[in-house]
Amino acid sequence: MSEDSSTSPPPPPPPPAANTNEAEKSTIEPIRMPTIEEVRGQDIWNNCAVRSVASGVMGGGLGLAMGLFLGALDNPIMQDEMSGRQQFIYTAKQMGRRSWGSCKAFAVMGFIFSAAECVVEKARAKHDMTNTVAAGCVTGGAISAKGGPKAACVGCAGFAAFSVVIEKFLDRHDS
């Protein structure tokens, strides 16, 4: 009898459904209602004007940083004949010009894109890729409108395509 008990297989483990069910029960937490401050904060952020201004400010900051970086890379044509001080002054001026120009461009781009996307999203009552395409088209068309209708159409198509690529890369939407 002792030989049979030593050669018998161990008892089978409990079914997996019971283990996963117990694990789910231990990770489920009660629903917490948001506080009044959280609700007010969400209401403020869901305002298209607030969202657009915030995007414009962030875009301006990004443009400022990019302009400073790209302005520092500019080399004067007559670099060999300039003293170190003259080169420094030239580079500082270039950085200032580039940073201010990029700041304005990115601020306008961020403001228009965010405003268009917010308005389209609220009108459609949906958060999907169509909003991004429409906002990209509006932004590209508005930025390149000074070049005429052909430029506006190309800008619309180009910025809409770029917006879709960025959204796919960031994977913000399900569809």
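Bear in mind these aren't lab numbers, they're just calculated from the coordinates by the rules spelled out. As the structure is a prediction and not an experimental result, all values here were calculated from the model. Positions of Cβ are backbone-derived with ideal geometry, glycine not excepted, and every protein chain shown enters the neighbour counts.
Listed values, structure above:
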quantity: Segment 109-169: C-alpha pair distances exceeding 20 Å, %; calculated: 21 percent
quantity: Gln87 versus Trp100: modelled label distance in nm, points set 7 Å from Cα along the beta carbon direction; calculated: 2.6 nm
quantity: 21 Å tail of the calculated P(r), segment 16-175, as % of Cα pairs; calculated: 65 percent
quantity: Dipole in debye (nearest 20) - segment 34-140, about Cα centre, beta carbon charges: Lys, Arg +1; Asp, Glu -1; calculated: 220 debye
quantity: Inter-site label distance for Lys150 and Glu38 at 7 Å from Cα along Cβ, in nm; calculated: 5.6 nm
quantity: Selection from Leu73, Ser99, Val53 lying farthest towards where the dipole of segment 45-175 points positive, charges on Cβ; calculated: Val53
quantity: Label-to-label distance, nm, for residues given as Thr27 and His127 (7 Å Cα→Cβ offset); calculated: 2.2 nm
quantity: Spatial separation of Cα centroids for segment 29-96 and segment 126-169, in angstrom; calculated: 22 Å
quantity: Packing-based order for 80-88, 155-163, using average beta carbon neighbours within 10 Å, highest first; calculated: 155-163, 80-88
quantity: Tail fraction, Cα-Cα pairs, segment 53-134, threshold 22 Å, whole percent; calculated: 46 percent
